[in-house]
1. Might you let me know whether segment A:102-121 holds any residue that is over 23 Å from B:SER32 (Cα atoms) and among the hydroxyl-bearing types (Ser, Thr, Tyr)?
2. Go through segment A:34-55 and give me each residue that's assigned to a helix (DSSP H, G or I), out of contact with any Leu (no Cβ under 8 Å at 6 or more places or on another chain) and either of a type in the set (A, V, I, L, M, F, W, C) or at the interface with chain B (Cβ under 7 Å from one of its Cβ atoms) (or both).
3. Taking A:THR58 as the residue in question, decide whether it is touching a Cys at 6+ places or on another chain (Cβ under 8 Å) and either outside the structural domain of A:MET217 (by TED's automatic domain parsing) or outside any helix (DSSP H, G or I) (or both).
4. Filter segment A:165-209 down to residues that are within 30 Å of B:LYS103 (Cβ to Cβ), surrounded by fewer than 23 Cβ atoms within 10 Å (Cβ to Cβ) and of a type in the set (Val, Ile, Thr), then give me how many there are.
5. Of all residues in segment A:51-71, count the ones that are buried (at least 24 other Cβ atoms within 10 Å of the Cβ) and modelled with pLDDT under 90.
6. Condition first: aromatic (Phe, Trp, Tyr), within 22 Å of B:ILE154 (Cα to Cα) and more than 7 Å from chain A (Cβ to nearest Cβ). Can you find one or more residues in segment B:69-91 that meet it?
7. Residue under question is A:LEU222, and the condition is that it be within 7 Å of another protein chain (Cβ to nearest Cβ), buried (at least 20 other Cβ atoms within 10 Å of the Cβ) and in contact (Cβ under 8 Å) with a residue 12 or more places away in the chain; does it hold?
8. In segment A:154-191, how many are facing chain B (nearest Cβ under 8 Å) and within 19 Å of A:ASN238 (Cα to Cα)?
Amino acid sequence: MQSFDPNSSFLFLMAGIVVFFVICQSVFFLRKAWLRARELGIDKNILMRVVKSSTAFTVAPAIAIILGVITLSNFLGLPLPWLRMSVVGSLTYELPAATSTAQALGIPISQRIFDPAAFTAIAWVMTLGILSGILACTLFLKNIQGRIQKIQQKDKRWGEIFTTSIFMGMISAFLGMIFADITKGIEGWIPVFVMIISALLMIVCGIFVKVFKIKWMEDYALPISMLGAMAMAIPITNLLG
Amino acid sequence: MEREKYNEKVHLWGRIWCGCAIIMLLLFPTVSSIYYDAWPEGQAVLTGLLGVAPIFWTVGVIEVFTFAPMLGSGGSYLAFVTGNLTNLKVPCAINAMEVADTKAGSEESEVISTIAIAVSSLVTTLIIIMGIVLLSWLRPILESEILEPAFANILPALFGALAVLFISKNWKVAMAPLIFMLILFLSFPSLTEAVGVLVPVGALVAISASRILYLKGHV
């Protein structure tokens with residue numbers, strides 16, 4: 001048996017191979033979609049705006065993901081959290097998965113893991129416990145999309161409203177969640193105030209775009225509002241928390 | 001190329017890539033178990049799985065049905081491998097479709113969504129790699145008490161702006177699911193844990209309400 005270090009170069013190499021695979025998949029789909037977009041006559045400038053806007057938007061959530069890697073690394077070392085947070089998972093899944101297995105094994109999650117069998121048990125649970133999304137995607141997506149397209153082709157206007165309604169369902173669920181703690185006192189209102197500031201910043205960006213014709217802002221309105229509201233969450237929490 | 005032909009190709013590529021991704025994901029635990037000669041106890045894995053799999057297997061399947069119509073085929077095949085759907089990939093795709101001004105469900109929105117998700121995945125992967133390389137320098141900053149409220153409020157900061165983007169254009173469709181979710185979360189605050197399951201519930205409420213509005217000619 002090899003001596004075990006959860007930060008070993010072997011584990012980094014293994015995680016690196018899987019992360020590289022995911023990079024290849026992203027590049028493949030990016031290229032195919034780009035070529036198809038050009039075939040459909042979508043202007044190159046619009047595609048570049050999409051790339052820039054998506055890049056700017058991704059920065060803050062991605063930094064939050066690093067925080068998740070740090071949280072898990074105290075227990076599991078870096079390679080496994082790096083891998084898990086770069087693919088399928090998010091902290092809301094990986095942390096309960098690690099905790100659930102650690103409890104089954106009777107080990108604390110506050111200390112670095114040095115038992116290889118415990119480590120592999122956690123790696124297996126993290127991997128197997130959330131495979132359903134990819135499996136369902138691989139097996140059923142074609143069928144699901146076929147049905148959705150039928151709805152869209154049958155009645156184009158309703159097809160649009162149908163898709164918009166699904167978007168709205170998601171946004172509503174998260175907006176509702178923000179209000180969950182307001183009965184717990186003023187502290188429970190903090191997320192609501194942050195949400196309102198984010199919404200106001202978005203409206204201000206809209207005014208800059210539409211009234212003052214500052215067109216570039218259109219592409220960055222969402223990241224600007226998000227980062228602005230995150231920054232304002234600091235004084236709001238200090239004031240009310 | 002016709003839309004259907006392109007779609008067929010996307011599904012073929014998607015199935016191959018996702019199939020390989022499943023194998024790649026299983027590679028890490030398999031190879032580390034072999035390399036360290038440390039196969040875990042079956043019971044520990046089963047007990048661990050019992051703590052998460054019933055919820056997350058359900059959520060995973062529901063998410064495919066809910067997000068696939070929004071993300072399109074190419075975007076879905078990629079997003080379900082790269083993860084972080086609700087907090088990153090789906091909002092990113094919505095934002096990109098707004099930037100490109102494409103109609104929901106059109107082929108244009110499908111390719112724009114795929115491009116956005118691919119870019120977002122690449123940027124996320126690179127930022128995480130940079131984060132790991134610079135960890136000793138970044139750690140005190142990211143874990144500082146000053147910044148803690150900013151990261152704790154990332155979802156309200158995201159969905160506030162997203163709400164303006166979407167509700168301003170579709171406020172009639174938005175009303176029913178919004179009111180429903182507000183009442184639900186105010187009545188049962190502990191449901192925040194299950195927000196993933198509530199997304200399709202919100203979608204069903206929105207679809208039902210907008211169908212009525214559509215048939216009456218209000219949307």
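The values are calculated or read from the model by the stated rules, or taken from the named source; none is laboratory data. Predicted, not measured: the structure shown is a model, and the values here were computed from it. Counting neighbours? That spans all protein chains shown, and the Cβs are built from the backbone with ideal geometry, glycine included.
1. no
2. A:LEU35, A:ARG36, A:GLU39, A:ILE46, A:LEU47, A:MET48, A:ARG49, A:VAL50, A:VAL51, A:SER54, A:THR55 - these are the residues of segment A:34-55 that are assigned to a helix (DSSP H, G or I), out of contact with any Leu (no Cβ under 8 Å at 6 or more places or on another chain) and either of a type in the set (A, V, I, L, M, F, W, C) or at the interface with chain B (Cβ under 7 Å from one of its Cβ atoms) (or both).
3. yes
4. 5
5. Residues flagged as buried (at least 24 other Cβ atoms within 10 Å of the Cβ) and modelled with pLDDT under 90 within segment A:51-71 amount to 0.
6. The answer is no, given that none of the residues of segment B:69-91 is aromatic (Phe, Trp, Tyr), within 22 Å of B:ILE154 (Cα to Cα) and more than 7 Å from chain A (Cβ to nearest Cβ).
7. For A:LEU222, the condition - within 7 Å of another protein chain (Cβ to nearest Cβ), buried (at least 20 other Cβ atoms within 10 Å of the Cβ) and in contact (Cβ under 8 Å) with a residue 12 or more places away in the chain - is met.
8. So the answer is 6.
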